[in-house]
Amino acid sequence: MPTAAPLDVTLETRLSGPEGPFTLDVGLKAMAGEFLVLTGPSGAGKTTLLRLIAGLARPGRGRVAMAGQVWCDTARGIDLPVRARSLGFVFQDYALFPNMTAAGQIGFALHDLPRRARRDRVAELLDLAGLSGLATAFPAQLSGGQRQRLALVRALARQPKLLLLDEPLSALDPDTRARLQDQLRRLHDLFGATTLMTSHETAEARRLADRVLRLEAGRLGAAPPPPPSLRLVRV
Amino acid sequence: MPTAAPLDVTLETRLSGPEGPFTLDVGLKAMAGEFLVLTGPSGAGKTTLLRLIAGLARPGRGRVAMAGQVWCDTARGIDLPVRARSLGFVFQDYALFPNMTAAGQIGFALHDLPRRARRDRVAELLDLAGLSGLATAFPAQLSGGQRQRLALVRALARQPKLLLLDEPLSALDPDTRARLQDQLRRLHDLFGATTLMTSHETAEARRLADRVLRLEAGRLGAAPPPPPSLRLVRV
Amino acid sequence: EDLVIGAGAGYRRPMAEAVAAWKAQSGDSVGEVYGNMGQVLGQARESGKMAMVCGDRAVLAKAEGLRFDRFLPLGTGKLVVAFRKGESLQDPAELAAERIAKVGIPDAKSAIYGKAGRQYLDRSGLAAKVDPKLVTVATVPQVTAYLISGDVDAGFLNITDAIGAGADLGGWVAVDPGLYPPIEISCGVLDASAEGFAAFLTTPAAQKILQHYGL
Amino acid sequence: MEALAAVLGDPALAFPLRLSLRIAVATLCLHATLGVALGWALSKRRWPGRSLLDIAVTLPMVFPPIVLGFGLLMLLGRHGLGGWIETGFGAGLIFSEAGVLLASVLVGLPLVVKPVEAAIAALPANLAEAARTLGHGEIPIFARVILPNVAGALGAGLLMATARSLGEVGVTLMLGGNILGRTNTISLEIYNAVTVGEFRRALVLSAALGLFSTLVLIVLRRRAPAP
Amino acid sequence: MEALAAVLGDPALAFPLRLSLRIAVATLCLHATLGVALGWALSKRRWPGRSLLDIAVTLPMVFPPIVLGFGLLMLLGRHGLGGWIETGFGAGLIFSEAGVLLASVLVGLPLVVKPVEAAIAALPANLAEAARTLGHGEIPIFARVILPNVAGALGAGLLMATARSLGEVGVTLMLGGNILGRTNTISLEIYNAVTVGEFRRALVLSAALGLFSTLVLIVLRRRAPAP
Ligand SMILES: Nc1ncnc2c1ncn2[C@@H]1O[C@H](COP(=O)(O)OP(=O)(O)OP(=O)(O)O)[C@@H](O)[C@H]1O
Ligand SMILES: Nc1ncnc2c1ncn2[C@@H]1O[C@H](COP(=O)(O)OP(=O)(O)OP(=O)(O)O)[C@@H](O)[C@H]1O
Ligand code: MOO
Ligand SMILES: [Mg+2]
Ligand SMILES: [Mg+2]
């Protein structure tokens, strides 16, 4: 069973929010194989932080290292291309390819595999997402939840060392959500991928996470106890 | 205080899902000013049902009437244009206009108002959505949650008789979510708009709704008790 | 390298026939370029690949950057006044008539037949009456086109163009050659490789072809 | 240097330059309205006559300009519709500035229509749907939602069409007549210079047209940023 | 009817038709590759030389084709680079089929580049980002994500460019020479017919070209559906 070395992030970048500009200033360490969930109010910089770690945005200054490999270090001028970073990313708005079928999207992620192995793996992952009957459907023909599940298995397909999930479960129905939560946790435990996920669901965060962090106005803190509004919920 | 007459829907349309084609076959009545929440598994046809009612898709056959006005009746060849139906719609993927600022999107909905009144109302609605500081931001510069809030107030702006909400709260953080839930319920009670909302959150559904309906494989039923998976949640 | 010869578009018909005859006789392959004289001369100069250019002697002689070994006379060009369908002229002097409202003429600068037409008007004394009706366009083919479309009532053409347009025109009358300076049609030899064809042009067989087209 | 001064000082140049500018501006306006309208109409799938319109817009491009000009001359000349037009409107197209404008609009039009059509077809359908639920009719939706979101393609189309129209000579020659001081655009002046063998003049004029066009193109590029 | 039979039976027509078809196919290939590559390069904002390339692609359109052809002839003729090219490659461009091809590619190129550029710039950025996180480099991303999602614009561009190239005569004439049986495309044949006053022949040939082009355009429209 492979083990992943820790994630080590120190980043600083200017952002502009509803109350004017602020600085995203984050120091973040994750243990090998840890499952971290990042919560925080809308506009706090959660998505931006994931993008910076993935290399999709360039930080003002800072350093990102994963599994002993330096992905980015502004001081030393290091900046690994995104494709060379072993990561999976689920975008908040899915970012599915309009021109590819559901099966095609997953196959596109598995370009390293020989054809037969790829086909089997695609079928397996479609099944996992409950999309077996929609292998040949294009994104425009999928419902919102179906799209998000597809984006999720697409990101999982390459078994990356680091998994970055930007609210991957928010649009799912409770059954599928519970199933994918379990699946996510199981895959995580099995492959030991270090996982960083954003979520608005404090309950979900606590259920899935080894550790919950709260990002507020660009700064990290430990998550507070569940907010009062959640206590009102009649279950 | 205006009162709205009931919503009366009978629709039948073929759809293709993961287990092959099925028929969306729905009879639905709502009382004047009722708040209905529609739940059900992903791909059951919730979005499609809202689109049929709004007139964004044409049903195989059926009839839609709202507040005493027939919006659509395939038997009698009636099909009112969407713009003539007093409704608001929040799309699952927001459908914000890339070319308009946050303020512009809301102003676009308020085209009937004189300029000064429009400006005041836009400011009021932006404030309601917590976007006052982002009035001049374009959708691409907003975070996921900010986008969804904007879509929500844009749909509310015209104070429609019927409000159709396709998972309007799913991507919000708990604080904003609670605030908007309350606001939504308050606006609903104030103006008496009949509201039909889809949601995956059974708890949310029960909290907001006068009645919860469950759509499964194209057919309506009353909502079952909360599924076991939710009982596992550690709060 | 194959032999390439150029000629003014107005002489395409006789030249093409002569070339065909030469090809049949000699078995050589000949490339033919026809077009506006200015354009053909420019091509000849810049490409360096044309061995012979045929056209109005005066224009050839003036050409910048081209050194002709010798000139070979082909014949003289003939100016005609053509008229549109629905019109009928017995004599070029009828251009002055009331019923002729528009007269097409090629620009004197770019077409030798424009210059000839101008001379004719001046020498015949028609200028005063015809000048106000003149529509000065760039090329001879343009005049032909406007005659066919009916947008001019009459116009000055090269006889070979008038023959070519045939039934699309109302008809044409020749202008007295005494009333315009002779239009000398020549071939200028640029490269010795053209001498074989040049010699052929002086044979009776070739002369017969040229005369058939009015040269 | 001296040649430059001589050519540019030429008073006979002022007219072609002004004519070309006038035609370019009028063409731009017509392209912007007609091109957008036709592109929009063609982007709607399946209506009777769509394919016909599509071919009618694009087909003129495949003919050599001078041939197209000849065809139009036959169609619009006095033996064609021309007589009828002249009686109806009191003025003909042939030998007039209207003919030059027609030529200019015609050759550039497909270059606006096609990119606009493709861009509209590629827009997400739910933008228009959202605007409909906000109470708007098709025309305001088109003006305020569709059009601004295809600004990039429209800009590219207008740029190409303006460039093409500036360089047009074949149709212009036939319809306008290439008459000095009436219908000789700057492009026709260059064309004339080349066909007469005045290459130096052609070069200087081309440089002037190139410079002028570069300015026009830069302005057009500025005006149409990607949305 | 008789005229039709006479013209179409003309054995001198077989060559121009075959030449035009050959050139059209080669041009289409070159436009598809070059046009896409340049459109992609131009869609990337802010790199040194971008504006220069942009102008170099578009500017040729503003010159009358025959003038552009003359300019290229001077550039590539014996007084220019021509001698050098001929020594280097063993064959010249002038008066050869290569010259015809160059003309055809050149006049159509901007019509592919500009729409493709605009369409790529309008694509959501996160499609390429998603592909990057799936381990792909820029080239496969371009081929499998960017390109298929701008198929509509590319189709429109290729359609316009092919049409324009089919109708090209000015540049072709200058570079290819308009040599009978060697470099006279079908368009040049029509052009020739018009310039020597053989209008009937021109009409019949135009009808043939129009029919042929309609077929080509229909095929191109089919091949490029909106994604
Ligand atoms: N392209 C951009 N240009 C300028 N500002 C931006 C841009 N993208 C995001 N921002 C701003 O940066 C801030 C952080 O955005 P981010 O998307 O990281 O928030 P988030 O925590 O993910 O919010 P949410 O929970 O709503 O998704 C927001 O205030 C947003 O308005
Ligand atoms: N354009 C389309 N063409 C064909 N099938 C479609 C199309 N749009 C949706 N469908 C299918 O219709 C079914 C119902 O879709 P719908 O979007 O209404 O589901 P939903 O209940 O809203 O799901 P979710 O909760 O995931 O949003 C799905 O199986 C979907 O694949
Ligand atoms: O088509 Mo032309 O040769 O530029 O007039
Ligand atoms: Mg976010
Ligand atoms: Mg849905």
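The values are calculated or read from the model by the stated rules, or taken from the named source; none is laboratory data. None of these values were measured; they are calculated from a predicted model. Glycine gets a Cβ as well: all are built from the backbone with ideal geometry, and neighbour counts include every protein chain shown. Areas reflect the complete protein model, heavy atoms only, side chains present, ligands, DNA and RNA absent. Shrake-Rupley method; radii C 1.70, N 1.55, O 1.52, S 1.80 Å.
A compact table of results
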{"read-out": "Residue match in segment B:137-151 (condition: more than 16 Å from ligand 2 (Cβ to nearest atom), closer than 24 Å to residue B:49 by Cβ and aromatic (Phe, Trp, Tyr))", "value": "no"}
{"read-out": "Criterion violated by residue A:163 - all others in (1) in contact with a strand residue (DSSP E or B) (Cβ under 8 Å, 6 or more places away or on another chain); (2) facing another protein chain (nearest Cβ under 7 Å); (3) modelled with pLDDT of 85 or more satisfied", "value": "(2)"}
{"read-out": "Criterion violated by residue C:145 - all others in (1) at pLDDT below 90; (2) within 10 Å of chain D (Cβ to nearest Cβ); (3) open to solvent by 30 Å² or more (accessible area, probe 1.4 Å) satisfied", "value": "(3)"}
{"read-out": "Given (1) closer than 24 Å to residue B:215 by Cβ; (2) modelled with pLDDT of 90 or more; (3) open to solvent by 10 Å² or more (accessible area, probe 1.4 Å), number of the condition residue A:151 does not satisfy", "value": "(3)"}
{"read-out": "Meets criteria (of a type in the set (A, V, I, L, M, F, W, C) and away from ligand 5 (no atom under 16 Å from the Cβ)) for residue A:109", "value": "yes"}
{"read-out": "Counted residues, segment C:185-214 - those being buried (at least 18 other Cβ atoms within 10 Å of the Cβ) and over 26 Å from residue C:47 (Cα atoms)", "value": "5"}
{"read-out": "Candidates B:24, B:15 - the one that is crowded, with 21+ Cβ neighbours inside 10 Å, within 13 Å of ligand 2 (Cβ to nearest atom) and part of a strand (DSSP E or B)", "value": "B:24"}
{"read-out": "Only one of B:132, B:199 that is free of Cβ contacts under 8 Å to residues at least 12 places away in the same chain, of a type in the set (S, T, N, Q) and away from ligand 1 (no atom under 11 Å from the Cβ)", "value": "B:132"}
{"read-out": "Given (1) open to solvent by 30 Å² or more (accessible area, probe 1.4 Å); (2) touching a Ser or Thr at 6+ places or on another chain (Cβ under 8 Å); (3) under 22 Å from residue B:195 (Cβ atoms), number of the condition residue B:160 does not satisfy", "value": "(1)"}
{"read-out": "Neighbours by Cβ (under 7 Å, 6+ apart or cross-chain): first from segment B:148-162, in contact (Cβ under 8 Å) with a residue 40 or more places away in the chain; second in a helix (DSSP H, G or I) and among the β-branched types (Val, Ile, Thr)", "value": "B:153/B:106; B:154/B:106; B:157/B:106"}
{"read-out": "Scope segment A:45-99; condition farther than 30 Å from residue A:20 by Cα, more than 8 Å from chain E (Cβ to nearest Cβ) and polar (S, T, N, Q); matching residues", "value": "A:69, A:86"}
{"read-out": "Those residues of segment E:25-60 which are open to solvent by less than 60 Å² (accessible area, probe 1.4 Å) and either in contact with an Asp or Glu (Cβ under 7 Å, 6 or more places away or on another chain) or basic (Lys, Arg) (or both), in sequence order", "value": "E:39, E:42, E:43, E:50"}
{"read-out": "Unmet requirement for residue D:126, which otherwise passes all of (1) closer than 26 Å to residue B:157 by Cβ; (2) modelled with pLDDT of 90 or more; (3) in a helix (DSSP H, G or I); (4) open to solvent by less than 40 Å² (accessible area, probe 1.4 Å)", "value": "(2)"}
{"read-out": "Qualifying residue in segment D:185-200 (condition: at the interface with chain E (Cβ under 10 Å from one of its Cβ atoms), modelled with pLDDT of 85 or more and assigned to a loop (DSSP other than H, G, I, E, B))", "value": "yes"}
{"read-out": "Elements of type helices (runs of 4 or more DSSP H) contained in segment C:1-81, each with 2 or more residues being within 12 Å of chain E (Cβ to nearest Cβ) and touching a strand residue (DSSP E or B) at 6+ places or on another chain (Cβ under 8 Å)", "value": "C:12-26, C:37-47"}
{"read-out": "Answer from C:75, C:48, C:42 - the residue that is open to solvent by 10 Å² or more (accessible area, probe 1.4 Å) and free of Cβ contacts under 8 Å to residues at least 40 places away in the same chain", "value": "C:48"}
{"read-out": "Cβ pairs under 8 Å, 6+ apart, first in segment E:41-67 and within 7 Å of another protein chain (Cβ to nearest Cβ) and outside any helix (DSSP H, G or I), second more than 16 Å from ligand 3 (Cβ to nearest atom) and open to solvent by less than 60 Å² (accessible area, probe 1.4 Å)", "value": "E:63/D:210"}
{"read-out": "Output for segment E:84-113, where each listed residue is modelled with pLDDT under 90 and open to solvent by less than 40 Å² (accessible area, probe 1.4 Å)", "value": "E:85, E:92, E:94, E:95, E:96, E:99"}
{"read-out": "So residue E:211, is it without any contact (Cβ under 8 Å) to a residue 12 or more places away in the chain, open to solvent by 10 Å² or more (accessible area, probe 1.4 Å) and more than 8 Å from chain D (Cβ to nearest Cβ)", "value": "yes"}
{"read-out": "Test: residue in segment A:177-189 that is at the interface with another protein chain (Cβ under 8 Å from one of its Cβ atoms), away from ligand 4 (no atom under 16 Å from the Cβ) and open to solvent by less than 40 Å² (accessible area, probe 1.4 Å)", "value": "yes"}
{"read-out": "Selection within segment B:40-64 - in a strand (DSSP E or B) and open to solvent by 10 Å² or more (accessible area, probe 1.4 Å)", "value": "B:61, B:62, B:63"}
{"read-out": "Residue list for segment B:101-113, restricted to those being at the interface with chain D (Cβ under 8 Å from one of its Cβ atoms) and out of contact with any strand residue (DSSP E or B) (no Cβ under 9 Å at 6 or more places or on another chain)", "value": "B:108, B:111, B:112"}
{"read-out": "Residue within segment A:197-212 that is of a type outside the set (S, T, N, Q), closer than 18 Å to residue A:105 by Cβ and away from every other protein chain (no Cβ under 11 Å) present", "value": "no"}
{"read-out": "Filter result (over 11 Å from the mean Cα position of the chain (by Cα), of a type in the set (A, V, I, L, M) and at the interface with chain E (Cβ under 7 Å from one of its Cβ atoms)) within segment D:149-172", "value": "D:153, D:156, D:169"}
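One line per residue, one yes/no per condition, for (1) modelled with pLDDT under 85; (2) open to solvent by 10 Å² or more (accessible area, probe 1.4 Å); (3) polar (S, T, N, Q); (4) out of contact with any Ser or Thr (no Cβ under 6 Å at 6 or more places or on another chain):
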site: C:7; (1), (2), (3), (4): no, no, no, yes
site: C:10; (1), (2), (3), (4): yes, yes, no, no
site: C:19; (1), (2), (3), (4): no, no, no, yes
site: C:23; (1), (2), (3), (4): no, yes, no, yes
site: C:33; (1), (2), (3), (4): no, no, no, yes
site: C:36; (1), (2), (3), (4): yes, yes, yes, no
